[in-house]
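Written out below as structure tokens is the structure these notes cover.
The values are calculated or read from the model by the stated rules, or taken from the named source; none is laboratory data. Since this is a predicted model, take the numbers as computed values, not measurements. Positions of Cβ are backbone-derived with ideal geometry, glycine not excepted, and every protein chain shown enters the neighbour counts.
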Amino acid sequence: MTSSMKPRDAGSLSSAGAKASVLVEALPWIQKFAGETIVIKYGGNAMINDELRRAFAEDVVFLRHVGVNPVVVHGGGPQINAMLQTLGIESEFRAGQRVTTPEAMEVVRMVLTGQVGRELIGLINSHGPYAVGLSGEDAALLRATRSTVEIDGETVDLGLVGEVSGVNPDAITDLLDAGRIPVISTIAPEFDSTAENAAPTGEVLNVNADLAAAAVASALGAAKLVMLTDVEGLYANWPDKSSLISSLSTTDLRAMLPSLESGMIPKMTAALKAVEAGVPRAHVVDGRAPHSMLLEIVTTEGVGTQIVPDGEAA
């Protein structure tokens, strides 16, 4: 038998069949979300592990090619910590939030927009000219007001830290209309909430990426908000891994919030805010597993935990 007439290996046929089954399962979900916008909060190990970063970029490009409009919102806590340490700038946390001095804010701005965002844009654009970087400062995309925390009954100033108070989605929709993939870093100009017309103060604030992603998803009327994290999802009884919750309502989540671990509170608060603002589904998925974000979107079972409106079936 000549080399051109080799019999096909049975194992390769089985593998090909499994891939075909996944594609067939994905078809109705691809049809459902074609033309829709999905906001993805990129963070955790998915942004510092090279294999996971490449897999995430592939997933985003795949969504773009099947007609979905992906919008990526990212933070960059590990990279900010590393740069502050390199520069010898002390970083203090209070109530789980970084106290951001003007000196630290310059580093935050540089790392988010100039490092994390650029690296992700480069990975996506290795597959074609798709990604365009934005920050919350561009075209007044995000507006923020200064935030504080309460510790032992006392109000504590966090410096240049804020909460998103408004979103102007025009710059994002312009890019989506042009077939691009917006990649948004979460810094935002401060607006004086006490002024009659909410005037800008000239300061730039560090805002939580989970909550910023929720605000962007709400403003865009997104079909989904997907947040990558470093756990499998939300557990009813952490650290009991058998208590992983696949789906829960906004009412159930609101009741659970006070008892959650501090690291999950911003993510689940963001999920709650997004769904209450009209986003049909919000998902928290394990970014440590390659392609987990894609599996959540295009498979029946999905992965992680999804938040649904009250009264709706999972």
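Would you confirm whether any residue within the range 94-113 is part of a strand (DSSP E or B) and modelled with pLDDT of 95 or more? I'd like the intermediate steps shown before the answer.
Residues of the range 94-113 that are part of a strand (DSSP E or B), as a first pass: 94, 97-100.
After this cut, where a residue has to be modelled with pLDDT of 95 or more as well, the list is none.
No: zero hits.
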Of the conditions (1) modelled with pLDDT of 95 or more; (2) assigned to a loop (DSSP other than H, G, I, E, B); (3) surrounded by fewer than 20 Cβ atoms within 10 Å (Cβ to Cβ), ALA195 satisfies every one except a single condition; which number is it?
(1)
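What do you reckon, is ASP174 without any contact (Cβ under 8 Å) to a residue 24 or more places away in the chain and either under 27 Å from LYS41 (Cα atoms) or assigned to a helix (DSSP H, G or I) (or both)? Full working, then the answer.
Numbers: without any contact (Cβ under 8 Å) to a residue 24 or more places away in the chain: yes; either under 27 Å from LYS41 (Cα atoms) or assigned to a helix (DSSP H, G or I) (or both): yes.
Against the criterion (without any contact (Cβ under 8 Å) to a residue 24 or more places away in the chain and either under 27 Å from LYS41 (Cα atoms) or assigned to a helix (DSSP H, G or I) (or both)), ASP174 qualifies.
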With the checklist (1) at pLDDT 90 or above; (2) acidic (Asp, Glu); (3) part of a strand (DSSP E or B) in hand, flag the one item ASP157 doesn't pass.
(1)
Residues of the range 143-160 being in contact (Cβ under 8 Å) with a residue 12 or more places away in the chain, of a type in the set (Val, Ile, Thr) and out of contact with any Lys or Arg (no Cβ under 9 Å at 6 or more places or on another chain), which ones?
THR145
Output for the range 6-47, where each listed residue is at pLDDT below 85 and assigned to a loop (DSSP other than H, G, I, E, B):
LYS6, PRO7, ARG8, ASP9
Go through VAL183, VAL204 for me and flag whichever is β-branched (Val, Ile, Thr), outside any helix (DSSP H, G or I) and farther than 23 Å from ASP59 by Cβ.
VAL204
Hey, could you check the range 220-242 for residues that are more than 23 Å from GLY96 (Cβ to Cβ) and among the small types (Gly, Ala, Ser) and say which is surrounded by the most Cβ atoms within 10 Å (Cβ to Cβ)?
ALA222
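So that you can scan it fast, the table gives a plain yes or no per residue for (1) of a type outside the set (A, V, I, L, M); (2) farther than 13 Å from LYS41 by Cβ; (3) touching a helix residue (DSSP H, G or I) at 6+ places or on another chain (Cβ under 6 Å):
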residue: SER249; (1), (2), (3): yes, yes, no
residue: LEU253; (1), (2), (3): no, yes, yes
residue: MET256; (1), (2), (3): no, yes, no
residue: MET264; (1), (2), (3): no, yes, no
residue: ALA277; (1), (2), (3): no, yes, yes
residue: VAL284; (1), (2), (3): no, no, yes
residue: PRO290; (1), (2), (3): yes, yes, yes
residue: THR305; (1), (2), (3): yes, yes, no
